Amino acid sequence: MAEADQLLLLDLLPSPFAARVRIALAEKGLNYESREEDLSNKSPLLLKMNPVHKQIPVLIHNGRPICESMVIVQYIDQVWNHKSPLLPSDPYRRAHARFWADYIDKKIYPIGRMLWASKGEVKEASKKDLIECFKILEGELGDKPYFGGESFGYIDLALIPFYSFFYTFETLGNFSVVVEFPKLMDWAQRCLLKESVSKSLCDQRNVYEAVLEIRKKLGAE
Amino acid sequence: MAEIELHGTWPSPYSYRVLWALKLKGIPYEYVEEDLSNKSPLLLQYNPVHKKIPVLVHGGKPICESMIILEYLDETWPQNPLLPSDPYERAVVRFWVKFIEDKGPSAWVVFRTSGEEQEKAVKDSLEMLKTIEEHALGEKKYFGGDKIGMVDIACSGIAHWLQVIEEVVGIKILEPHKFPRLHAWTKTFKEAPIIKDNLPNQDEMLVFFKQAREKLLASA
């Protein structure tokens, strides 16, 4: 590992995907520069470093870009493997971790977005779908302190940024996470006790304000 | 029970991804054909979340999602690696695997739809192919460089299944003059050892997918 490792994160505070990378960097105790992007006015650097998607987060390590949040997390885990392993070492458990991170990617953000970006029937259907996903996730968590077992890991990191959206889901979807999913709430509170998590997550109210702005633009308000 | 079982369906590109990985690494396995119109209790037990194939079962323990299975195989049987060992190169491979997983299905939307929805899916597919050719393949023989790697296997739908979709719907998408490098790759990939001896018969696939599309449109 080089003496002067340069780490630059093209960042966005309310993004759950960027939050994942912030948590991973904090878990490993890494120093980095965070540059907040304005998605309505993307920087030349962002367009150069992620020409395919033009999206955040992008981690630039010694000038080379890595894109896609969980790809970045795996990269960080492999390069800085001296502390706080995020993925387990056993291949079967790794496959299990990847499966659930993939499930979270396929379901929580797209369905959640459908809920907060729409109204009427579409919103109701999305709410039902989201509740179904939370049920499945709570079932997978079971009585374990974390999704991976005894310690915070890959699946927890993939999901916990969506805690910032709970207030948004509850307010727009008219349900209560703590009432319907007490185990999930316990788990979230347990994760928040970790500084790497609490310092990396966007405040729930700020996410709600950002979402309301988008809803206005989309004509959902 | 065999040490390793692959549960799949014969026309599925996702099934074949795992089959090729097993053969490329010389891993003995038993193949179990599943009937997706009448899912077996075993499949539902192995994949309760998605209820899909492929499922790899190793010593009784199931692993689901084709590209996740491939990472598992690469970690457990390191011979003939599908992933590079360098962390940065690995991140690039995983980026493209995610890209094809997210964007690849637009070709299947072309297959399943008609009218405006199909037109949009054709546009999406063309964009996807352009991006892959320019940014992922470039001038290389394979996506993996000199030999087949994870991205080649992930993109295999383009090499063998896209033609069938094109013929069933009557729309040409991967035109050789528009995508010369990608077109060359489809030939190279299908002529590679192991791959060439393990491809589903295209005539049989045509019959299967024609019937499937007719059913879809009739029930729409």
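The values are calculated or read from the model by the stated rules, or taken from the named source; none is laboratory data. This is a predicted model, so every value here is computed, not measured. Glycine also receives a Cβ, built like all others from the backbone with ideal geometry; neighbour counts cover every protein chain displayed. All accessible areas refer to the heavy atoms of the entire protein, side chains included, with ligands and DNA or RNA removed. Shrake-Rupley method; radii C 1.70, N 1.55, O 1.52, S 1.80 Å.
Select the helices (runs of 4 or more DSSP H) contained entirely in region B:129-220, then report the ones holding at least 2 residues which are free of Cβ contacts under 8 Å to residues at least 12 places away in the same chain and of a type in the set (A, V, I, L, M, F, W, C).
Numbers: elements: B:150-154, B:162-169, B:180-191, B:202-219.
In region B:129-220, the matching helices (runs of 4 or more DSSP H) lie at B:202-219.
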- line: The condition from (1) touching a His at 6+ places or on another chain (Cβ under 9 Å); (2) surrounded by fewer than 19 Cβ atoms within 10 Å (Cβ to Cβ) that B:TYR16 misses is numbered (2)
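Looking only at region A:139-182, how many residues end up being surrounded by fewer than 14 Cβ atoms within 10 Å (Cβ to Cβ) and of a type in the set (Gly, Ala, Ser)? Before the answer, list the steps.
So in region A:139-182, the residues surrounded by fewer than 14 Cβ atoms within 10 Å (Cβ to Cβ) come out as A:139, A:142-144, A:149-151, A:174, A:176, A:178-179, A:182.
Filter once more, so that each one left must be of a type in the set (Gly, Ala, Ser): A:139, A:142, A:149, A:151, A:176.
Total meeting the criteria: 5.
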message: Need the failing condition index for B:GLU5 against (1) in contact with an Asp or Glu (Cβ under 9 Å, 6 or more places away or on another chain); (2) buried (at least 19 other Cβ atoms within 10 Å of the Cβ); (3) within 14 Å of chain A (Cβ to nearest Cβ), just the number.
response: (3)
field: Among (1) within 11 Å of chain A (Cβ to nearest Cβ); (2) within 21 Å of the chain's Cα centre (by Cα), the one test that B:LYS25 misses
entry: (1)
query: What are the residues in region A:134-157 that are more than 18 Å from the chain's Cα centre (by Cα), more than 14 Å from every other protein chain (Cβ to nearest Cβ) and among the charged types (D, E, K, R), if any?
result: A:ASP143, A:LYS144, A:GLU150
message: Suppose we filter A:ILE76, A:ILE111, A:ILE104, A:ILE131 for residues that are in contact with a Cys (Cβ under 7 Å, 6 or more places away or on another chain) and either open to solvent by less than 10 Å² (accessible area, probe 1.4 Å) or more than 10 Å from chain B (Cβ to nearest Cβ) (or both); which single one remains?
response: A:ILE111
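Which ones in region B:58-102 are among the aromatic types (Phe, Trp, Tyr), open to solvent by 30 Å² or more (accessible area, probe 1.4 Å), at the interface with chain A (Cβ under 8 Å from one of its Cβ atoms) and over 19 Å from B:ASP146 (Cβ atoms)? Quick ask: steps written out before the conclusion?
Narrowing region B:58-102 to residues among the aromatic types (Phe, Trp, Tyr): B:72, B:77, B:88, B:95-96, B:99.
Okay, now just the ones that are also open to solvent by 30 Å² or more (accessible area, probe 1.4 Å), so B:77, B:88.
With the extra rule that they be at the interface with chain A (Cβ under 8 Å from one of its Cβ atoms), the set shrinks to B:88.
Answer for region B:58-102, where residues must be among the aromatic types (Phe, Trp, Tyr), open to solvent by 30 Å² or more (accessible area, probe 1.4 Å), at the interface with chain A (Cβ under 8 Å from one of its Cβ atoms) and over 19 Å from B:ASP146 (Cβ atoms): there is none.
Just the residues that are assigned to a helix (DSSP H, G or I) and hydrophobic (A, V, I, L, M, F, W, C), please, taken from region A:143-160.
Start the filter on region A:143-160 by keeping residues that are assigned to a helix (DSSP H, G or I), which leaves A:154-160.
The answer is A:ILE155, A:LEU157, A:ALA158, A:LEU159, A:ILE160.
Could you pull out the residue among A:PRO44, A:PRO85, A:PRO51, A:PRO65 that is within 12 Å of chain B (Cβ to nearest Cβ) and surrounded by fewer than 21 Cβ atoms within 10 Å (Cβ to Cβ)?
Details: A:PRO44 fails: within 12 Å of chain B (Cβ to nearest Cβ); A:PRO85 fails: within 12 Å of chain B (Cβ to nearest Cβ); A:PRO65 fails: surrounded by fewer than 21 Cβ atoms within 10 Å (Cβ to Cβ).
Answer to the selection: A:PRO51.
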task: Being under 18 Å from the mean Cα position of the chain (by Cα) and of a type in the set (Val, Ile, Thr) is the filter; apply it to region B:183-220 and report the residue that is nearest to B:SER12 (Cα to Cα).
output: B:ILE195
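Any residue in region A:133-142 that is in a helix (DSSP H, G or I), more than 30 Å from A:LYS83 (Cα to Cα) and out of contact with any Lys or Arg (no Cβ under 9 Å at 6 or more places or on another chain)? Show your work before the answer.
At the first step, the residues of region A:133-142 found to be in a helix (DSSP H, G or I) are A:133-141.
From what's left, more than 30 Å from A:LYS83 (Cα to Cα): A:133-136.
From what is left, the residues that are out of contact with any Lys or Arg (no Cβ under 9 Å at 6 or more places or on another chain) are A:134-135.
Within region A:133-142 (the criterion being in a helix (DSSP H, G or I), more than 30 Å from A:LYS83 (Cα to Cα) and out of contact with any Lys or Arg (no Cβ under 9 Å at 6 or more places or on another chain)), the answer is yes, since at least one residue qualifies.
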